[in-house]
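Q: One structure follows; several queries about it will come next.
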There are 2 protein chains.
Amino acid sequence: MPLNALFKPRSRLQIQTDQTLTQHKPKYNTKSARSRQHTDLRFAVLEARLEQADLLKKVVDAIKDLVQDCNFDCNDSGIALQAMDNSHVALVSMMLKAESFSPYRCDRNVALGVNLTSLTKVLRAASSEDILTIKAEDAPDVLNLVFESSESDRLSEYDLKLMDIDQEHLGIPDTEYAATISMPSADFRKICQDLMLLSESVSIEASKDGVKFTCAGDIGNGAVTLRSHTNVDKPDLNVDIELTEPVALTFSLKYLVNFCKAAGLSKSVKLCLSNEVPLLVEYALAGNSYLRFYLAPKIGDDE
Amino acid sequence: MPLNALFKPRSRLQIQTDQTLTQHKPKYNTKSARSRQHTDLRFAVLEARLEQADLLKKVVDAIKDLVQDCNFDCNDSGIALQAMDNSHVALVSMMLKAESFSPYRCDRNVALGVNLTSLTKVLRAASSEDILTIKAEDAPDVLNLVFESSESDRLSEYDLKLMDIDQEHLGIPDTEYAATISMPSADFRKICQDLMLLSESVSIEASKDGVKFTCAGDIGNGAVTLRSHTNVDKPDLNVDIELTEPVALTFSLKYLVNFCKAAGLSKSVKLCLSNEVPLLVEYALAGNSYLRFYLAPKIGDDE
DNA sequence: TTACTTGGTT
DNA sequence: AACCAAGTAA
């Protein structure tokens with residue numbers, strides 16, 4: 001079931017799937033071809049400094065296989081990104097709050113249409129320890145990224161061309177989930193990777209004192225059960241389950257494994273489930289920022 | 001611009017490019033087909049022992065994609081190799097001095113025409129830690145390579161058939177370069193690899209206190225600036241610039257990335273630039289040996 | 001196409 | 001030193 005059936009598009013009709021699929025080649029903004037020397041002289045509407053370039057590298061790494069092109073929507077509260085994958089089964093929602101930067105300034109709302117493959121190429125040039133500053137002008141045709149090595153003996157500056165992206169924006173309702181599971185992100189990744197060797201889909205079953213991941217495939221069946229438990233010394237390793245009613249839903253493992261690329265961003269992951277509603281997989285980041293993935297459940301014959 | 005226009009051929013006219021291109025299939029010497037058992041009984045004109053087979057492996061790895069067949073010119077001072085790539089834009093010049101071997105003996109000048117792909121196959125059999133001895137007879141039709149494991153519990157012996165190679169030999173003039181840059185070879189490799197994702201060519205701009213590598217491509221522009229700095233503790237990481245006048249030249253990144261395969265041979269690399277003259281990329285090896293690459297700059301419309 | 005080996009990165 | 005990616009060989 002596509003996500004659109006579960007989330008209502010906020011402003012426009014669903015994008016033609018064909019159109020989405022043929023958008024592989026970036027179509028860059030064709031405004032005046034300003035030479036890069038002029039960048040500094042124009043007024044930067046956005047300027048955001050990230051102590052660790054690593055954060056953006058990992059975020060983009062985690063979503064670039066789901067989404068090719070998308071807008072980074074910047075305003076004074078931070079940088080947001082929302083995009084569906086081509087098949088409209090998964091949705092990525094990223095929020096990098098202003099508090100995650102030091103400093104952060106955005107004088108005017110601006111949408112930066114970025115091809116994530118190109119952004120990956122640029123970010124590859126940043127070492128994880130580099131300090132990253134991103135800048136954009138008003139009505140920008142490039143995104144400016146500056147990497148400084150911590151010893152500041154190297155300074156790399158890249159201008160990434162931007163594109164106009166016609167983006168569907170879904171309204172994501174605030175949901176009271178029937179079950180909310182917190183668990184170590186590495187464990188969730190391991191479970192999904194292990195079960196994917198047996199089957200294409202996994203059933204996640206939340207009950208009062210545990211979560212059970214089960215799958216059935218040609219070569220056999222698998223089931224991993226985690227019991228909720230708390231260790232005050234290592235809260236990252238806690239398995240915590242909040243439940244209003246028991247839930248069992250089935251999801252595509254391919255997507256879950258994909259989401260798990262974000263495991264490097266946070267020691268802990270939160271899974272939120274309710275019947276008839278997409279699964280929410282949330283990685284909390286420092287400064288109230290987050291990376292969220294939504295995945296429509298498989299229902300009926302889909303399984 | 002081909003290198004021939006910048007370096008004068010020393011003794012013969014330029015090889016027909018077609019001829020060079022059709023020499024892909026090794027044409028082996030067709031002297032008497034002596035059986036390998038006799039090798040030991042004949043007088044070895046050349047005998048050179050290398051403590052680390054690794055050195056030769058890395059050298060050959062670094063040049064085998066540029067050059068298919070070439071002569072190893074051996075005399076009592078060492079083993080030299082000089083060859084242009086097929087397109088005559090790049091030139092490799094290797095010198096393994098006698099001091100780099102222990103021991104080294106060469107009683108008579110001898111040119112060993114080798115197919116580098118074949119040599120790679122043979123060297124693949126050597127583990128990096130092996131002791132390598134190469135031997136050749138007078139007027140040889142094979143090159144004899146012996147690998148001993150350092151524990152000397154394994155002894156591998158290979159005879160590589162040699163070929164007659166009609167080789168152009170360019171005279172490389174001693175140039176006073178306008179700029180000589182020493183920098184960590186790993187950094188140079190990283191910069192070239194990163195920028196290659198954006199563009200086919202890079203401009204290298206040397207000024208008094210820094211080097212700037214810039215490129216412009218379809219997805220955006222990139223610029224990496226290194227400031228010269230010295231750290232007595234880690235001289236390998238120094239960025240040092242000797243300059244008589246500022247220079248800015250443009251080069252093909254494909255070739256530079258290729259040269260950077262040699263980064264494993266030395267922690268440091270030297271870039272020498274002057275206007276109208278090929279770039280020299282030098283990896284210094286132990287015992288005054290070296291591996292040098294020359295690359296013709298892109299000029300005018302080439303950029 | 002898959003598995004392994006090698007090299008690079010953290 | 002361990003992990004991850006890419007290239008190569010089967």
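The values are calculated or read from the model by the stated rules, or taken from the named source; none is laboratory data. Bear in mind that the values here come from a model prediction, so they are computed numbers and not experimental data. All Cβ positions, glycine included, derive from the backbone under ideal geometry; neighbour counts span all protein chains shown.
Q: State the number of residues belonging to the range B:118-140 that are within 13 Å of B:LEU162 (Cβ to Cβ) and within 16 Å of DNA strand C (Cβ to nearest atom).
A: Our first condition is that a residue be within 13 Å of B:LEU162 (Cβ to Cβ); within the range B:118-140, this holds for B:118-119, B:122, B:134-140.
Filter once more, keeping what is within 16 Å of DNA strand C (Cβ to nearest atom): B:119, B:122.
Residues in the range B:118-140 being within 13 Å of B:LEU162 (Cβ to Cβ) and within 16 Å of DNA strand C (Cβ to nearest atom): 2 in total.
Q: Give the residues of the range A:81-100 that are hydrophobic (A, V, I, L, M, F, W, C) and in contact with a Ser or Thr (Cβ under 9 Å, 6 or more places away or on another chain), sorted by residue number.
A: Within the range A:81-100, the subset hydrophobic (A, V, I, L, M, F, W, C) is A:81, A:83-84, A:89-92, A:94-96, A:98.
Answer for the range A:81-100, where residues must be hydrophobic (A, V, I, L, M, F, W, C) and in contact with a Ser or Thr (Cβ under 9 Å, 6 or more places away or on another chain): A:LEU81, A:ALA83, A:MET84, A:VAL89, A:ALA90, A:MET94, A:MET95, A:LEU96, A:ALA98.
Q: If you don't mind, another one. Could you look through the range B:169-210, keep only residues that are in a loop (DSSP other than H, G, I, E, B), more than 14 Å from chain A (Cβ to nearest Cβ) and crowded, with 18+ Cβ neighbours inside 10 Å, and pick out the one that is farthest from DNA strand D (Cβ to nearest atom)?
A: If we take residues in the range B:169-210 being in a loop (DSSP other than H, G, I, E, B), more than 14 Å from chain A (Cβ to nearest Cβ) and crowded, with 18+ Cβ neighbours inside 10 Å, then B:ALA178 is farthest from DNA strand D (Cβ to nearest atom).
Q: Which of (1) modelled with pLDDT under 95; (2) under 22 Å from the mean Cα position of the chain (by Cα) is the odd one out, the single condition B:PRO297 does not satisfy?
A: Result: B:PRO297 passes all but (1).
Q: Is there a residue in the range A:228-242 that is of a type in the set (Lys, Arg), within 16 Å of DNA strand C (Cβ to nearest atom) and at pLDDT below 95? Break it down into steps so the answer makes sense when it comes.
A: We begin by selecting, within the range A:228-242, every residue of a type in the set (Lys, Arg); these are A:234.
Those left that are additionally within 16 Å of DNA strand C (Cβ to nearest atom): none.
Checked the range A:228-242: no residue is of a type in the set (Lys, Arg), within 16 Å of DNA strand C (Cβ to nearest atom) and at pLDDT below 95.
Q: Of the residues that make up the range A:261-269, is at least one more than 14 Å from every other protein chain (Cβ to nearest Cβ), away from DNA strand D (no atom under 16 Å from the Cβ) and either modelled with pLDDT of 95 or more or at negative phi (or both)?
A: yes
Q: Another one. In the set B:LYS267, B:LYS254, which member is surrounded by fewer than 22 Cβ atoms within 10 Å (Cβ to Cβ) and within 19 Å of B:SER228 (Cβ to Cβ)?
A: B:LYS267
Q: B:SER199: out of contact with any Leu (no Cβ under 9 Å at 6 or more places or on another chain) and either among the charged types (D, E, K, R) or in contact (Cβ under 8 Å) with a residue 12 or more places away in the chain (or both), yes or no? Write out each step before concluding.
A: Values: out of contact with any Leu (no Cβ under 9 Å at 6 or more places or on another chain): no; either among the charged types (D, E, K, R) or in contact (Cβ under 8 Å) with a residue 12 or more places away in the chain (or both): yes.
In short, no.
Q: Now a separate question. Could you list, in sequence order, all residues of the range B:111-155 that are within 16 Å of DNA strand D (Cβ to nearest atom) and either out of contact with any helix residue (DSSP H, G or I) (no Cβ under 8 Å at 6 or more places or on another chain) or part of a loop (DSSP other than H, G, I, E, B) (or both)?
A: Selection gives B:ASN115, B:THR117, B:SER118, B:LYS121, B:VAL122, B:ARG124, B:ALA125, B:ALA126, B:SER127, B:SER128, B:GLU129.
Q: Please work out which residue is surrounded by the fewest Cβ atoms within 10 Å (Cβ to Cβ), limiting yourself to the range A:78-125 and to residues that are farther than 21 Å from B:GLY220 by Cβ and of a type in the set (Ser, Thr, Tyr).
A: So, considering only residues that are farther than 21 Å from B:GLY220 by Cβ and of a type in the set (Ser, Thr, Tyr), the one surrounded by the fewest Cβ atoms within 10 Å (Cβ to Cβ) is A:SER102.
Q: Just one of B:GLN23, B:GLN82, B:GLN37 is outside any loop (DSSP other than H, G, I, E, B) and either closer than 19 Å to B:LEU123 by Cα or modelled with pLDDT of 95 or more (or both); which is it? If you could, list the steps in order and put the result at the bottom.
A: On the way: B:GLN23 fails: either closer than 19 Å to B:LEU123 by Cα or modelled with pLDDT of 95 or more (or both); B:GLN37 fails: either closer than 19 Å to B:LEU123 by Cα or modelled with pLDDT of 95 or more (or both).
Selected residue: B:GLN82, the only one of B:GLN23, B:GLN82, B:GLN37 that is outside any loop (DSSP other than H, G, I, E, B) and either closer than 19 Å to B:LEU123 by Cα or modelled with pLDDT of 95 or more (or both).
Q: Note down all Cβ pairs under 7 Å where the first residue falls in the range A:127-155 and is more than 9 Å from chain B (Cβ to nearest Cβ) and within 14 Å of B:GLY220 (Cα to Cα), the second is in a strand (DSSP E or B) and of a type in the set (Lys, Arg), and they're at least six residues apart or on different chains.
A: A:ASP141/A:LYS161; A:ASN144/A:LYS135
Q: May I pose another question? In the range B:215-251, which residues are over 19 Å from A:ARG154 (Cβ atoms), in contact with an Asp or Glu (Cβ under 8 Å, 6 or more places away or on another chain) and loosely packed, with under 14 Cβ neighbours inside 10 Å?
A: Once the filter is applied, which keeps residues that are over 19 Å from A:ARG154 (Cβ atoms), in contact with an Asp or Glu (Cβ under 8 Å, 6 or more places away or on another chain) and loosely packed, with under 14 Cβ neighbours inside 10 Å, the range B:215-251 yields B:THR244, B:PRO246.
Q: Which of the residues belonging to the range B:211-243 are assigned to a loop (DSSP other than H, G, I, E, B) and β-branched (Val, Ile, Thr)?
A: B:ILE219, B:THR230, B:VAL232
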